[in-house]
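These notes concern the structure reproduced below.
Nothing in this text is a laboratory measurement; each read-out follows from the coordinates by a stated rule. Every value quoted in this text rests on a predicted model; they were computed, and no experiment measured them. With ideal geometry, Cβ positions are generated from the backbone for all residues, glycine too; neighbour counts draw on all protein chains shown.
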Amino acid sequence: MALNIGSVAPSESGSGVLGRARERAALIPDLLIEAQRIANTVTSGWHGRRRRGSGDTFWQFRPYQLGESLTRIDWRRSARDDHVYVRDQEWEAAHTVWIWADNSPSMLFKSTTAQVSKQSRALVLALAMTEVLAKSGERVGWPGVTNALSSRVAAERIAAELMVAKIDEDLAFPSTQNIRNRSELIIISDFLEPIDTTLTRLNAAAEQGIHGSLVHIVDPAEENFPYSGRTEFEDPESGQKLTYGRAETLAQGYATLFQARRETLAQHCKRLGWNYIVHHTDSLASTALVALHTRLSGEAMA
C-alpha cells in the first residue's frame with residue numbers, strides 16, 4: 001500500500017463528518033478574533049493594493065489570452081521569447097478576491113511540534129486576509145459559501161456563513177464556476193490530493209483568466225518525518241492503516257517524495273504566473289499573511 005504523504009501520524013479515532021463540522025463551527029468565533037488581531041498587527045501603515053486596469057501607470061506583463069484585442073499586445077516584450085505578452089496598467093477600482101481554505105480530513109492533522117492544526121491555521125489566514133482586503137476596499141468572497149462582498153466587515157460575514165454552511169469534505173479544490181475573468185483566487189490547503197489532479201485544476205482555473213495564489217500549509221512533522229520504531233500510520237481520507245516496525249527506514253524516500261511535490265507545485269505556479277507560498281504551522285501566522293499580501297501587491301519578495 002502506498003504511503004500517502006501528509007498522513008504520517010499515529011492513528012486517531014475520527015468523530016465523523018457531523019462531529020467535525022460542529023467542532024469546526026465552534027472554533028470559528030475564536031479564529032475570527034485571532035485573525036482580526038493578526039490583521040491589525042501586520043497592516044499598520046499598509047495601503048490599498050496596486051491593481052491592473054485602465055490607469056496610466058504600468059502594472060505588469062502577463063500572457064495574452066484568446067479573445068483580447070491585439071492592440072494590447074506588447075510586441076517588444078513578446079519578441080524576447082516564445083510567448084505573447086499583454087502590458088497591463090494599474091487600476092484604482094475595487095478588485096474581486098476569492099479566498100478558500102481546504103476542509104478535508106487531512107487538514108485536521110497536528111503534530112506535537114505544532115501549536116495548531118493545519119485547518120485552524122488555514123482558517124485564520126483566510127479570515128485575516130479577508131479582513132485586510134476588505135479594509136482596503138476590495139470585494140472578497142468564499143466560493144460556494146458567499147458571493148463577493150463589498151464590506152469592511154466581510155470577515156465577520158464570511159465567518160458567520162461558514163459556521164452554518166454545509167462544507168463538502170471531499171472538495172479538495174474550490175469551484176471556479178462563478179469566478180469571473182481577472183479575479184484573484186487564494187487557495188489555502190495542504191495539497192495532498194493526487195498531484196496530476198491538482199495541476200489539471202490549476203490549468204483550468206488559469207484558462208478562465210483567473211490569477212491565483214497557493215498557500216501550502218505544512219505541519220513540521222510532515223516535512224521532517226520524526227517517526228521511528230513501530231508506528232501505525234493512518235490515511236485520514238480513506239482510513240487505511242499501515243504499520244511499520246522501523247518507521248525511520250521510510251524517512252529518506254518520504255522526504256524525496258515530499259520535496260518533489262513542493263517543487264512541482266512551485267514550478268507549475270511559476271509557469272502560470274501564479275504565486276506559491278509555503279507556510280509551516282509552527283511559524284507565526286503573520287509571516288504567511290505578510291508574504292501573501294506582498295505577492296498580491298506585486299512587490300518583489302526578498
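Data overview
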{"quantity": "Built amide H within the under 5 Å cut-off of Arg87, gap 5+", "calculated": "Asp74"}
{"quantity": "Nearest-0.05 FRET efficiency for Asn40 and Glu161, computed from C-beta distance (R0 22 Å)", "calculated": "0.50"}
{"quantity": "Integer Hz, Karplus 6.51/-1.76/1.60 couplings in order for the range 106-123, x for Gly and Pro", "calculated": "5, 6, 7, 5, 8, 8, 6, 8, 10, 7, 9, 6, 4, 5, 4, 5, 4, 5"}
{"quantity": "Two-site FRET efficiency, Val290 against Ser228, from Cβ-Cβ distance with R₀ of 45 Å, rounded to 0.05", "calculated": "0.80"}
{"quantity": "Rounded to whole Å, sorted largest first: equivalent-ellipsoid semi-axes of the range 143-252, Cα gyration tensor", "calculated": "35, 18, 13"}
{"quantity": "Estimated distance in nm for a label pair at Arg80 and Tyr244, the labels positioned 7 Å out from Cα along Cα-to-Cβ", "calculated": "4.5 nm"}
{"quantity": "³J(HN,Hα) computed for each position of the range 170-177 - Karplus, 6.51 cos²θ - 1.76 cosθ + 1.60, integer Hz, glycine/proline x", "calculated": "7, 7, 9, 7, x, 6, 10, 4"}
{"quantity": "Estimated vicinal HN-Hα couplings, Hz - the range 183-194 in sequence order (Karplus 6.51, -1.76, 1.60; Gly, Pro = x)", "calculated": "6, 9, 10, 10, 10, 10, 7, 8, 6, 9, 6, x"}
{"quantity": "Burial order of peptide ranges 178-186, 128-136 (average beta-carbon count within 10 Å, highest first)", "calculated": "128-136, 178-186"}
